[in-house]
Amino acid sequence: EPDVTIVSGLKDAVVSEGDDVTFRCQVSHENARDVEWKLQDVALQNNEMNEISVEKGKIHCLTLRKVTEQDIGTVTFRVGPHTSTA
C-alpha cells in the first residue's frame, strides 16, 4: 500500500458565530485509510454538527455546522504520520 501524503494542506478560516465552515485537505492517493480530524485535540466523528466527507476520492472535507465560540481553536487533519493544521 503506497504511503499517502498531504498534497494540499488546510487553510485558516475566520467565520461568524452561527455560520458553517469547511476545511479541505488533499491527499496523494484515493481511499486513504488511517485518517483523522481533530478540533482542539479532540477527535471528531461524523454527526449532525460535524460533516466529514471525501470529494473526488482525494479531497477530505470537514464542515463544522453553526460554529460557536467554543469551536475556536486548531483543526488538525492527520493521515498516517502526516498532519496539517489550521
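The values are calculated or read from the model by the stated rules, or taken from the named source; none is laboratory data. Given the structure is predicted, the values throughout are model-derived calculations rather than measurements. Virtual Cβ from ideal backbone geometry, glycine too; neighbours counted across all protein chains shown. Just so you know, the surface numbers come from the protein's heavy atoms only, side chains and all, with ligands and any DNA or RNA stripped out. Shrake-Rupley method; radii C 1.70, N 1.55, O 1.52, S 1.80 Å.
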Which residue is modelled with the lowest pLDDT, if the candidates are limited to the range 53-72 and must be surrounded by 14 or more Cβ atoms within 10 Å (Cβ to Cβ) and not β-branched (Val, Ile, Thr)? Asp71
Of the residues that make up the range 17-24, is at least one polar (S, T, N, Q) and part of a loop (DSSP other than H, G, I, E, B)? no
Out of curiosity, is Gln26 surrounded by fewer than 13 Cβ atoms within 10 Å (Cβ to Cβ) and of a type in the set (S, T, N, Q)? no
Matching residues, the range 38-52, being free of Cβ contacts under 8 Å to residues at least 24 places away in the same chain and open to solvent by 40 Å² or more (accessible area, probe 1.4 Å): Val42, Ala43, Gln45, Asn46, Asn47, Glu48, Met49, Glu51, Ile52
Select, from Val14, Val7, the only residue that is hydrophobic (A, V, I, L, M, F, W, C), part of a strand (DSSP E or B) and over 11 Å from the mean Cα position of the chain (by Cα). Val7
Can you tell me how many residues within the range 27-86 are in contact with a strand residue (DSSP E or B) (Cβ under 7 Å, 6 or more places away or on another chain), under 19 Å from Asp12 (Cα atoms) and among the acidic types (Asp, Glu)? 3
Picking from Val35, Val21, the residue that is open to solvent by less than 70 Å² (accessible area, probe 1.4 Å), of a type outside the set (S, T, N, Q), under 12 Å from the mean Cα position of the chain (by Cα) and within 12 Å of His82 (Cβ to Cβ) would be Val35
